[in-house]
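First up is the structure itself, then whatever we jot down about it.
The values are calculated or read from the model by the stated rules, or taken from the named source; none is laboratory data. Everything numeric here is computed off the predicted structure, so don't read it as measured data. Note that each Cβ is placed from the backbone with ideal geometry, even for glycine, and that neighbours are counted across all protein chains shown.
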Amino acid sequence: MINLFKLLFFIIALISQPIFAIKLPVGLTKTELKTLIETLAFGNVTRVMRSAEAYPIFPGVKISFETTLVHSGNLNDLGNGSASFPIVIPSPRLNITKGLGMGLETAINLSSQEVLQTMATLGFLGKWTYLEERDSFATSAVFINYTRLNGFNDSFSGDEFEIGVMASKDFVRLKPYIGLGLLFATATVSKTVSPLEQSGSSLAPHLLIGTEIELPMNIAFQIDFTQQVPSGSFSLGYRF
């Protein structure tokens, strides 16, 4: 388990070499501000990172280390072209999931700008499994989440809300899932980033595809599609 965490930290460090010199674009137009919000906010939404199955009430706990991976797309071309985003923007965070019984499950994720100078999040997720695989072709659930965003030396902040549905299949160790949600994000940037308008919002459908792999360590991968370029996440954790 320790070796897997060491490998994960090595990969993040390798990806993140340009992160500490990152700069947001300057002089955005209203349209460009929306593009920035849709890329950074939607890319750092609280992710399900789980099959539709709910954990039991006891012990029913999973603690995992997750890293979001957001493709920067055309952000370096916005404004006056002075931005310095790497191709992939990683944002590591801690994720704690707990089963509540009766098909209910909750999760919290949190991160700090002190880890990498990218996006810090505080997110909450609630999930209710309303249909079990033993009664149907797949397990189905509904979920809601909220994410508070703050990043890039406090020059970007925002809030996200999402509601969605998902389904998964249980192949014992492998549990693929798919979901569809509706995302709403609002964000505020500093005046240097967008001198004419500092706040904006966006509403978009959210398609998510992932899989949970249950080994001695729990591994999860998820790819997300919204209006802008795809983003993703992977995590390593331990289930009690």
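What the table shows:
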quantity: Residues of the stretch 83-118 that turn out to be in contact (Cβ under 8 Å) with a residue 12 or more places away in the chain, more than 22 Å from Ala220 (Cβ to Cβ), not aromatic (Phe, Trp, Tyr) and not in a strand (DSSP E or B), as a count; calculated: 6
quantity: Residues being more than 17 Å from the chain's Cα centre (by Cα) and modelled with pLDDT of 95 or more - total across the stretch 102-130; calculated: 7
quantity: The stretch 225-240 residues that are buried (at least 16 other Cβ atoms within 10 Å of the Cβ) and of a type in the set (Val, Ile, Thr), paired with ones that are at pLDDT below 90 and not in a loop (DSSP other than H, G, I, E, B) (beta carbon under 7 Å, 6 or more apart); calculated: none
quantity: Index of the failed condition, Phe156 passing every other in (1) surrounded by fewer than 16 Cβ atoms within 10 Å (Cβ to Cβ); (2) under 18 Å from the mean Cα position of the chain (by Cα); (3) of a type in the set (A, V, I, L, M, F, W, C); calculated: (1)
quantity: One residue from Asn153, Asn218, Asn145 being at positive phi and not hydrophobic (A, V, I, L, M, F, W, C); calculated: Asn153
quantity: Any hit, the stretch 205-215, residues being surrounded by fewer than 22 Cβ atoms within 10 Å (Cβ to Cβ), of a type in the set (D, E, K, R), under 24 Å from Ser91 (Cβ atoms) and in contact with a strand residue (DSSP E or B) (Cβ under 7 Å, 6 or more places away or on another chain); calculated: no
quantity: So Ile12, is it under 30 Å from Ser199 (Cβ atoms), at pLDDT below 95 and buried (at least 16 other Cβ atoms within 10 Å of the Cβ); calculated: no
quantity: Some residue of the stretch 203-216 being closer than 25 Å to Asn153 by Cα and either part of a strand (DSSP E or B) or not aliphatic (A, V, I, L, M) (or both); calculated: no
quantity: Condition check for Gly200: of a type outside the set (Asp, Glu), modelled with pLDDT of 95 or more and within 21 Å of the chain's Cα centre (by Cα); calculated: no
quantity: Pairs where the first residue, in the stretch 159-188, is over 21 Å from Gly123 (Cα atoms) and the second is crowded, with 17+ Cβ neighbours inside 10 Å and aromatic (Phe, Trp, Tyr), C-beta under 8 Å, 6+ apart; calculated: Ala167/Tyr177; Ser168/Tyr177; Lys169/Tyr177
quantity: Filtered residue count, the stretch 143-153, keeping only those that are part of a strand (DSSP E or B) and surrounded by fewer than 17 Cβ atoms within 10 Å (Cβ to Cβ); calculated: 3
quantity: Options Glu66, Glu53, Glu32, Glu38: the member that is part of a loop (DSSP other than H, G, I, E, B) and among the charged types (D, E, K, R); calculated: Glu53
quantity: Flag if Phe137 is crowded, with 16+ Cβ neighbours inside 10 Å and more than 23 Å from Ser64 (Cα to Cα); calculated: no
quantity: Subset of the stretch 171-200 that is touching a strand residue (DSSP E or B) at 6+ places or on another chain (Cβ under 7 Å) and assigned to a loop (DSSP other than H, G, I, E, B) - its residue that is surrounded by the fewest Cβ atoms within 10 Å (Cβ to Cβ); calculated: Arg173
quantity: In the stretch 73-89, the residues that are surrounded by fewer than 21 Cβ atoms within 10 Å (Cβ to Cβ) and touching a helix residue (DSSP H, G or I) at 6+ places or on another chain (Cβ under 8 Å); calculated: Gly73, Asn74, Ala83, Ser84, Pro86, Val88
